[in-house]
Amino acid sequence: MNKALKVLYLYNGIFVFAAHLLGPLYAVYVREIEGDVLSVSISWAAFLFSTVIFTFLISRFGDKVKEKEYLLIAGYVVRSVVWLSYTFVSDLNFLIFLQILLGAGEALGTPSFDAIFAEHLDKGKHIADYANWKVVSNLACGIAVVIGGFVVKYYGFNILFFSMFILAVFSAIGILLKPRELL
């Protein structure tokens, strides 16, 4: 496996871990704010629809950006700010606004990660490289969901959101400090 993929596995793995600390607990969090299952669905749909719209917009100019790492970093930063902002949510309208921003972060980060990843695939080992990434990401997700539940049960959502923020910022800084020629 080449160095670029190792860097992507590491920092995006940390980011995926951060994102999945919340995982299915998102529904519990929203119900604590609004107490309504429909609020969970509406706020999650806001995220998904905004992701679609912003991804469409990114598709129009993303390939013109020479260093896609900056789009990846921007995606990490936007999502980290949203996660930290969850600590200030008191109503569904503000949550929906944050979910729309989260969709923008997703649209910046995910296609750029995929593009950078694809550029660094090892010749003749595409399935192995993608499979290795799926192993890393799914392992990170599974561990994160359990740890997230533990954190919320014993320390609350605010500590969880702060932890997600810190890990995402760490990932952004890690990518930023890597030599540009590596990625």
Restricting attention to segment 84-102, does a residue exist that is loosely packed, with under 14 Cβ neighbours inside 10 Å, in a loop (DSSP other than H, G, I, E, B), out of contact with any strand residue (DSSP E or B) (no Cβ under 9 Å at 6 or more places or on another chain) and among the hydroxyl-bearing types (Ser, Thr, Tyr)?
yes
Which of the following residues is surrounded by 12 or more Cβ atoms within 10 Å (Cβ to Cβ) and either assigned to a helix (DSSP H, G or I) or acidic (Asp, Glu) (or both): Leu71, Leu38?
Leu71
Can you pull out the residues in segment 43-68 that are crowded, with 16+ Cβ neighbours inside 10 Å and in contact with a Leu (Cβ under 7 Å, 6 or more places away or on another chain)?
Ser43, Phe47, Ile58, Gly62
Which numbered condition Gly156 misses (of (1) loosely packed, with under 14 Cβ neighbours inside 10 Å; (2) in contact (Cβ under 8 Å) with a residue 40 or more places away in the chain; (3) of a type outside the set (D, E, K, R))
(2)
Is there a residue in segment 109-123 that is small (Gly, Ala, Ser), loosely packed, with under 14 Cβ neighbours inside 10 Å and not in a helix (DSSP H, G or I)?
no
When both residues are 6+ apart or on different chains and their Cβ atoms are under 7 Å apart, which pairs have a first residue that lies in segment 6-28 and is over 15 Å from Asn138 (Cα atoms) and in a helix (DSSP H, G or I), and a second that is at pLDDT below 95 and among the charged types (D, E, K, R)?
Val7/Lys178
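The values are calculated or read from the model by the stated rules, or taken from the named source; none is laboratory data. It should be emphasised that the depicted structure is a prediction, and the values quoted were computed from it without experimental measurement. Glycine also receives a Cβ, built like all others from the backbone with ideal geometry; neighbour counts cover every protein chain displayed.
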